[in-house]
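Notes follow the structure.
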Amino acid sequence: MEDRFTRTRFLFGEDFELFTDKRVIIFGIGGVGGFALDCLYRTGIGHISIVDKDSFDITNQNRQIGSHKVGEDKVEVLAEIYPGITPIKKLVDMDFLDDFDVREYDYVIDAIDDIPAKVLLAKKCSKMPYGTYISSTGSAKKLNPLEIKVDSVWKSYGDKFARKFRDLLKKENFSGDFKVIFSPENPRCKPLGSFSAVTGSFGLQIGSEVIRDILSRRK
């Protein structure tokens with residue numbers, strides 16, 4: 001009997017069952033986080049929550065899933081597209097994170113753009129095992145997805161956004177380690193131009209990192 005996971009089961013076999021009870025939360029569901037959501041939802045992750053305070057505007061339409069619903073809340077639109085996920089319309093700040101329990105989730109994905117908020121989230125997730133907290137750095141101004149890299153935040157290079165992120169982590173005396181997605185490709189413009197082949201590839205790479213990490217931890 002065929003269902004929406006038939007071809008996924010062809011690839012993963014019995015390991016597919018590892019995905020159904022995993023809990024993932026994605027902070028920021030724009031050009032990167034939206035594609036991470038799409039990947040993990042279609043692969044069979046059983047419990048996905050998404051956090052974002054914004055609504056779609058017309059400039060999102062070059063790269064963001066659901067952005068045809070201009071003016072509507074991103075989390076609510078995506079909850080319609082991906083039935084069963086949990087939408088959380090919240091600003092990621094100290095007040096929100098004070099009540100956020102990372103122990104409820106197997107994987108935390110940071111795809112937000114605000115660097116101080118990223119640092120707050122990194123500090124909150126500092127005791128999570130390496131590979132279970134994953135952060136996206138700068139995906140704007142880039143053209144070639146073949147330039148995308150995955151490594152420790154402290155080994156990221158060639159990207160101004162990632163450097164600012166590292167600098168603020170150091171300023172906050174952060175001594176942990178976590179996985180980041182980054183690209184050292186030279187920027188092609190000064191304003192925040194974006195290309196879905198890169199932003200989407202960032203999100204899909206994050207999805208792959210989560211799935212492969214689950215498989216690596218199976219008993």
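Scanning the range 134-179 for residues that are closer than 22 Å to Tyr105 by Cβ, small (Gly, Ala, Ser) and within 15 Å of the chain's Cα centre (by Cα) yields Ser135, Ser136. Cβ-Cβ distances below 7 Å connect the following pairs, each with a first residue in the range 56-70 that is polar (S, T, N, Q), a second residue that is part of a helix (DSSP H, G or I), and a separation of six or more residues or different chains: Asn62/Ser196; Gln64/Gly34; Ser67/Asn60; Ser67/Gln61. Evaluate the range 31-45: report whether one residue or more is at pLDDT 95 or above, under 21 Å from Ser135 (Cβ atoms) and in a strand (DSSP E or B). Scanning the range 31-45, I find no residue that is at pLDDT 95 or above, under 21 Å from Ser135 (Cβ atoms) and in a strand (DSSP E or B), so the answer is no. Take Asn186 and decide whether it is assigned to a loop (DSSP other than H, G, I, E, B), of a type outside the set (Gly, Ala, Ser) and on the phi > 0 side of the Ramachandran plot. So Asn186 does not fit the description; no. Leu215 satisfies every condition listed in (1) assigned to a helix (DSSP H, G or I); (2) in contact with a Ser or Thr (Cβ under 8 Å, 6 or more places away or on another chain) except (2).
Pull out all pairs, ordered by first then second residue, where Cβ-Cβ is under 7 Å, the residues are six or more apart or on different chains, the first lies in the range 82-102 and is at negative phi, and the second is surrounded by 14 or more Cβ atoms within 10 Å (Cβ to Cβ) and small (Gly, Ala, Ser). Final answer for the pair search is Ile85/Ser49; Ile85/Ala79; Thr86/Ser49; Pro87/Ala79; Ile88/Ser49; Val92/Ala117; Asp93/Ala117. If you go through the range 9-21 and keep only what is open to solvent by 60 Å² or more (accessible area, probe 1.4 Å) and either among the aliphatic types (A, V, I, L, M) or in a loop (DSSP other than H, G, I, E, B) (or both), you end up with Leu11, Asp21. Is it true that some residue in the range 98-116 is part of a loop (DSSP other than H, G, I, E, B), more than 24 Å from Gly193 (Cα to Cα), open to solvent by less than 70 Å² (accessible area, probe 1.4 Å) and out of contact with any strand residue (DSSP E or B) (no Cβ under 8 Å at 6 or more places or on another chain)? Checking the range 98-116: at least one residue is part of a loop (DSSP other than H, G, I, E, B), more than 24 Å from Gly193 (Cα to Cα), open to solvent by less than 70 Å² (accessible area, probe 1.4 Å) and out of contact with any strand residue (DSSP E or B) (no Cβ under 8 Å at 6 or more places or on another chain). Only one of the numbered conditions (1) more than 18 Å from Ala36 (Cα to Cα); (2) without any contact (Cβ under 8 Å) to a residue 40 or more places away in the chain; (3) open to solvent by 50 Å² or more (accessible area, probe 1.4 Å) is violated by Leu192, and that is (2). Would the range 140-159 turn up any residue that is in contact (Cβ under 8 Å) with a residue 40 or more places away in the chain, in a loop (DSSP other than H, G, I, E, B) and either exposed (fewer than 13 other Cβ atoms within 10 Å of the Cβ) or polar (S, T, N, Q) (or both)? Yes: one or more hits. Val24 meets the conditions (1) assigned to a helix (DSSP H, G or I); (2) surrounded by 20 or more Cβ atoms within 10 Å (Cβ to Cβ) in every case but one. The failed one is (1).
When Gly200 is tested against (1) crowded, with 21+ Cβ neighbours inside 10 Å; (2) outside any helix (DSSP H, G or I), only condition (2) is not met. Can you find a residue in the range 159-171 that is closer than 18 Å to Asp114 by Cα, small (Gly, Ala, Ser) and modelled with pLDDT of 95 or more? Yes.
The values are calculated or read from the model by the stated rules, or taken from the named source; none is laboratory data. Computed from a predicted model, the values in this text were never measured in an experiment. Here the Cβ is made from the backbone with ideal geometry for all residues, glycine too, and neighbour counts use every protein chain on show. Quick note on the areas: whole protein, heavy atoms, side chains included, nothing else; ligands and nucleic acids left out. Shrake-Rupley method; radii C 1.70, N 1.55, O 1.52, S 1.80 Å.
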